[in-house]
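Here the structure comes first, spelled out in structure tokens, and everything after it is commentary.
The values are calculated or read from the model by the stated rules, or taken from the named source; none is laboratory data. No experiment lies behind these values; they were computed from the predicted model shown. We place every Cβ from the backbone using ideal geometry, glycine too, and count neighbours over all the protein chains shown. Heavy atoms of the whole protein, side chains included, go into the accessibility calculation; ligands, DNA and RNA do not. Shrake-Rupley method; radii C 1.70, N 1.55, O 1.52, S 1.80 Å.
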Amino acid sequence: MAKLRACGERITLDQREIRFLSDIPHGSKSLELVLECELQSGHQGPHHTIGDTSHSFGAGRLANGEAVTWWVRWDDPNGRRDVVPMGNCQEETDRGQVMSEVCILFDRHPGHHSFEWAAQE
């Protein structure tokens, strides 16, 4: 199997995106302004990167108590950009085990799970 690599396409947040991400309830105190696509190299569809995650308490959580992860999504050919909340991928290496690794990407993401990348390093 070929070594898995990240896409790595970059985006610089614009003022609208910075304002939006800065106002997320219980989000982080600082934002990275230049972000890289976190999907597998050669993926189909738009690029995605984590903009911020609200904590799993207070107003920044889903009804099931899960933290909300806000993904910056962009499509180079069409110039479309948006910030969207997406559920977390539920895959993990050894479900229920103490040393299990979880996928850090969004639910139904294209390509391999993030823990599969680490296994090759």
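List every residue pair whose Cβ atoms lie under 7 Å apart, where the two residues are 6 or more positions apart in sequence or sit on different chains, the first residue falls within region 11-33 and is under 14 Å from W70 (Cα atoms), and the second residue, located anywhere, is in a helix (DSSP H, G or I).
These pairs meet every condition: G27/L21; L31/I18; L31/L21; L31/S22.
Name the residue that is least open to solvent (accessible area, probe 1.4 Å), counting only residues in region 77-99 that are in a loop (DSSP other than H, G, I, E, B) and in contact with a Phe, Trp or Tyr (Cβ under 9 Å, 6 or more places away or on another chain).
C89
What about Q40, is it at pLDDT 90 or above, polar (S, T, N, Q) and open to solvent by 70 Å² or more (accessible area, probe 1.4 Å)? First the steps, then the outcome.
Working: at pLDDT 90 or above: yes; polar (S, T, N, Q): yes; open to solvent by 70 Å² or more (accessible area, probe 1.4 Å): no.
For Q40, the condition - at pLDDT 90 or above, polar (S, T, N, Q) and open to solvent by 70 Å² or more (accessible area, probe 1.4 Å) - is not met.
Of the numbered conditions (1) of a type outside the set (K, R); (2) out of contact with any strand residue (DSSP E or B) (no Cβ under 9 Å at 6 or more places or on another chain); (3) modelled with pLDDT of 85 or more, P110 fails exactly one; give the number of that condition.
(2)
Looking at this structure, is D23 under 21 Å from E9 (Cα atoms) and either modelled with pLDDT of 70 or more or open to solvent by 80 Å² or more (accessible area, probe 1.4 Å) (or both)? Give the derivation first.
Details: under 21 Å from E9 (Cα atoms): no; either modelled with pLDDT of 70 or more or open to solvent by 80 Å² or more (accessible area, probe 1.4 Å) (or both): yes.
In short, no.
Condition check: of a type in the set (G, A, S), in contact with a strand residue (DSSP E or B) (Cβ under 6 Å, 6 or more places away or on another chain) and either modelled with pLDDT of 85 or more or at positive phi (or both). Does G58 satisfy that? Show your work before the answer.
Working: of a type in the set (G, A, S): yes; in contact with a strand residue (DSSP E or B) (Cβ under 6 Å, 6 or more places away or on another chain): no; either modelled with pLDDT of 85 or more or at positive phi (or both): yes.
Considered against the rule, which asks whether it is of a type in the set (G, A, S), in contact with a strand residue (DSSP E or B) (Cβ under 6 Å, 6 or more places away or on another chain) and either modelled with pLDDT of 85 or more or at positive phi (or both), G58 comes out as no.
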